[in-house]
Amino acid sequence: MFHLAYFMQGSSAQAWHSPWAGSIGKEWSKPDFHIDCARALERAKFDYVLYEDLYYVPDYWKGTTDIYVEQAISVPRLDTMVLTPVVAHATSHIGVVPTLPTFAFEPYLLARQVATLDLLSQGRGAWNVVTGTSDGAIRGFGKDQLLEPEERYKQAGEFVDVVKQLWNSWEPDAIVDDVENGVFADPSKVHVVDFEGEYYKSKGALVSGPTPQGTPVIAQAGASAGGLELAAKHADTIVGVAATVEGMKTYRDTVRSLMEKHGRNPDDCKILFLINPVVAATKAEVEAKLAEITEHAHANIERELADHAKRMGVDISGLPLDEPLTQELLDGLHTRGHISHLEKFVARANGRTLRQVAFDFWRFPIPPEVVGTFDEVADRLEEIVNEVGGDGFLISPHGVGTTRRYIMEITEGLVPVLQRRGLTRTEYSSTQLRENLLAF
Ligand SMILES: Cc1cc2nc3c(=O)[nH]c(=O)nc-3n(C[C@H](O)[C@H](O)[C@H](O)COP(=O)(O)O)c2cc1C
């Protein structure tokens with residue numbers, strides 16, 4: 001059996017131009033869309049929904065925010081720390097994972113908010129630890145540049161240490177609710193944190209009380225040495241991005257041996273690989289979809305490139321669209337943000353035109369290609385898990401963003417096939433996220 005999770009990418013408005021967007025362009029700020037999606041994913045017994053977040057309006061295309069605003073590329077967005085309790089309230093078993101960047105919070109505030117999410121959701125709270133992927137992200141916070149990646153992760157490591165100490169400041173059985181003896185909570189079970197590190201200081205116990213999971217689930221998506229180290233030390237679930245089955249194996253082996261180095265059991269962290277399935281009931285429908293994707297890609301090259309520019313934190317609008325990209329041109333691209341995405345881009349771009357690269361990314365944004373009928377895709381996923389020995393997949397929509405239709409294709413089309421083959425669960429074994437992650 002393997003685990004499934006869903007990646008709510010960008011804002012719900014992002015799919016506004018899809019033929020299946022419904023009224024999302026007008027109703028993007030209503031919770032209904034997110035609740036409908038989470039309920040469908042819960043019906044299909046997904047472990048969790050990971051909500052991506054962004055803290056700025058990108059300006060990585062021609063130096064302005066125009067295309068991002070005009071085309072709803074990751075804009076506008078609901079704050080995931082406000083959205084996740086709304087979704088949790090409308091569901092009962094699925095985990096809700098907000099993305100909260102270390103640069104935007106103080107450890108105490110973050111510890112308190114995620115603890116409250118865990119309490120309100122009765123044990124389904126989590127934190128996707130990110131450190132920022134572009135300088136734009138911290139300008140709104142009065143700073144010019146992100147720290148260099150290594151230092152960013154060093155700082156984030158300290159941040160997570162403080163947060164965990166705060167979560168653990170209440171012992172699990174501190175609340176006794178003993179009306180007869182007039183004791184609500186046992187003071188000997190509430191401990192004062194006294195943390196003083198290189199970057200953060202925190203004194204006192206967390207005001208939230210003990211949370212259902214003790215330590216809410218930590219999710220991470222590290223790719224750099226610092227990111228992987230943080231993930232191996234703290235994460236309960238990691239999102240891996242790999243272009244090949246071989247790459248997945250290497251990634252998984254690396255994380256597992258780092259976990260051992262930190263004295264952890266590697267089976268305590270579920271590594272889910274990001275995939276973007278294109279699925280349908282019949283081969284003819286799959287072909288029609290691929291044709292639609294191709295047509296869309298040709299018509300929206302600039303939109304696609306602007307999205308990549310944002311992800312990499314590099315303005316690539318000055319590169320020629322239809323001339324082969326030379327090593328010299330590519331050497332000029334630098335980022336303090338998402339280095340692995342830039343490396344992937346450069347590897348694909350060398351000797352090819354920008355238009356070709358954009359088209360490729362759109363057609364198959366994250367290899368390995370997972371395309372076919374429900375049965376074919378189930379075969380492919382089974383094959384990958386068997387070869388990699390992996391824990392499962394984080395599903396993200398192809399191209400235009402999540403629509404209710406895409407969610408249905410996955411939850412009502414693909415998942416029943418996986419369930420019939422005994423590959424994914426048909427019932428939750430717990431109402432808490434970590435227990436579900438550790439169930440197999
Ligand atoms: C599926 C997935 C979701 C991510 N979501 C976010 C996000 O919402 N916000 C963010 O700042 N970074 C996000 N990231 C970026 C990661 O936190 C991380 O920076 C990236 O994978 C590169 O790893 P590195 O920081 O170790 O270089 C995401 C990455 C992946 C693969």
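The values are calculated or read from the model by the stated rules, or taken from the named source; none is laboratory data. None of the values given here were measured: they were computed from a predicted structure. Please note: Cβ atoms are built from the backbone with ideal geometry, for glycine as well, and neighbour counts cover all protein chains shown. Each accessible area value is taken on the protein alone, full model and side chains, heavy atoms only, with ligands, DNA and RNA left out. Shrake-Rupley method; radii C 1.70, N 1.55, O 1.52, S 1.80 Å.
Report those helices (runs of 4 or more DSSP H) wholly inside the range 100-211 carrying at least 3 residues which are open to solvent by 30 Å² or more (accessible area, probe 1.4 Å).
Working: elements: 107-120, 136-139, 149-167.
In the range 100-211, the matching helices (runs of 4 or more DSSP H) lie at 107-120, 149-167.
If you take the residues of the range 50-80 that are in contact with an Asp or Glu (Cβ under 6 Å, 6 or more places away or on another chain) and either surrounded by fewer than 20 Cβ atoms within 10 Å (Cβ to Cβ) or of a type in the set (A, V, I, L, M, F, W, C) (or both), which of them is farthest from ARG139 (Cα to Cα)?
This residue is ILE73.
Considering only the range 383-409, state which residues are over 18 Å from ASN300 (Cβ atoms) and away from the ligand (no atom under 16 Å from the Cβ).
Within the range 383-409, GLU383, ILE384, VAL385, ASN386, GLU387, VAL388, GLY389, ARG404, ARG405, ILE407, MET408, GLU409 qualify.
Can you find a residue that is more than 30 Å from VAL417 (Cα to Cα), within 14 Å of the ligand (Cβ to nearest atom) and either modelled with pLDDT under 95 or in a loop (DSSP other than H, G, I, E, B) (or both) anywhere in the range 2-16?
Checked against the condition, which is being more than 30 Å from VAL417 (Cα to Cα), within 14 Å of the ligand (Cβ to nearest atom) and either modelled with pLDDT under 95 or in a loop (DSSP other than H, G, I, E, B) (or both), the range 2-16 yields no hits at all.
Here are some residues: ALA221, ALA242. Which one is small (Gly, Ala, Ser), farther than 21 Å from LEU438 by Cβ and under 20 Å from the mean Cα position of the chain (by Cα)?
ALA242
I need the full set of residues from the range 50-99 which are closer than 30 Å to SER429 by Cβ, of a type in the set (Gly, Ala, Ser) and not in a helix (DSSP H, G or I), in order please.
Within the range 50-99, ALA90, SER92, GLY95 qualify.
So in the range 418-440, with the set limited to residues that are outside any loop (DSSP other than H, G, I, E, B) and open to solvent by 10 Å² or more (accessible area, probe 1.4 Å), which one is farthest from HIS3 (Cα to Cα)?
Initial filter on the range 418-440 (outside any loop (DSSP other than H, G, I, E, B)): 418-420, 433-437.
Within this subset, residues satisfying the condition of being open to solvent by 10 Å² or more (accessible area, probe 1.4 Å) are 419-420, 434-435.
Details: GLN419: 11, ARG420: 15, ARG434: 12, GLU435: 12 Å.
Checked the range 418-440; the qualifying residue farthest from HIS3 (Cα to Cα) is ARG420.
Residue by residue through the range 26-54, note down the ones that are within 21 Å of ALA104 (Cβ to Cβ) and out of contact with any Leu (no Cβ under 8 Å at 6 or more places or on another chain).
GLU52, LEU54
Going by the conditions given, is GLY332 over 22 Å from TYR6 (Cβ atoms), outside the structural domain of ALA221 (by TED's automatic domain parsing) and within 16 Å of the ligand (Cβ to nearest atom)?
no
Just need a number here: residues in the range 391-424 that are farther than 25 Å from MET248 by Cα, among the charged types (D, E, K, R) and in contact (Cβ under 8 Å) with a residue 60 or more places away in the chain.
4
Restricting the search to the range 30-49, which residues are open to solvent by 70 Å² or more (accessible area, probe 1.4 Å) and either assigned to a loop (DSSP other than H, G, I, E, B) or among the hydroxyl-bearing types (Ser, Thr, Tyr) (or both)?
LYS30
Conditions first: (1) more than 20 Å from LEU381 (Cβ to Cβ); (2) open to solvent by less than 30 Å² (accessible area, probe 1.4 Å); (3) modelled with pLDDT of 95 or more. ALA297 passes all but one, so which condition is the exception?
All conditions pass for ALA297, except number (3).
Any chance the range 245-264 includes a residue that's at pLDDT 95 or above, among the polar types (S, T, N, Q) and in a strand (DSSP E or B)?
No.
Are any residues in the range 82-99 in contact with a helix residue (DSSP H, G or I) (Cβ under 6 Å, 6 or more places away or on another chain) and under 22 Å from ARG152 (Cα atoms), and if so, which ones?
Correct list: PRO98, THR99.
So GLN122 ticks every box in (1) within 26 Å of HIS334 (Cβ to Cβ); (2) more than 14 Å from the ligand (Cβ to nearest atom); (3) of a type outside the set (Val, Ile, Thr) but one. Which box is left unticked?
Unmet condition: (1).
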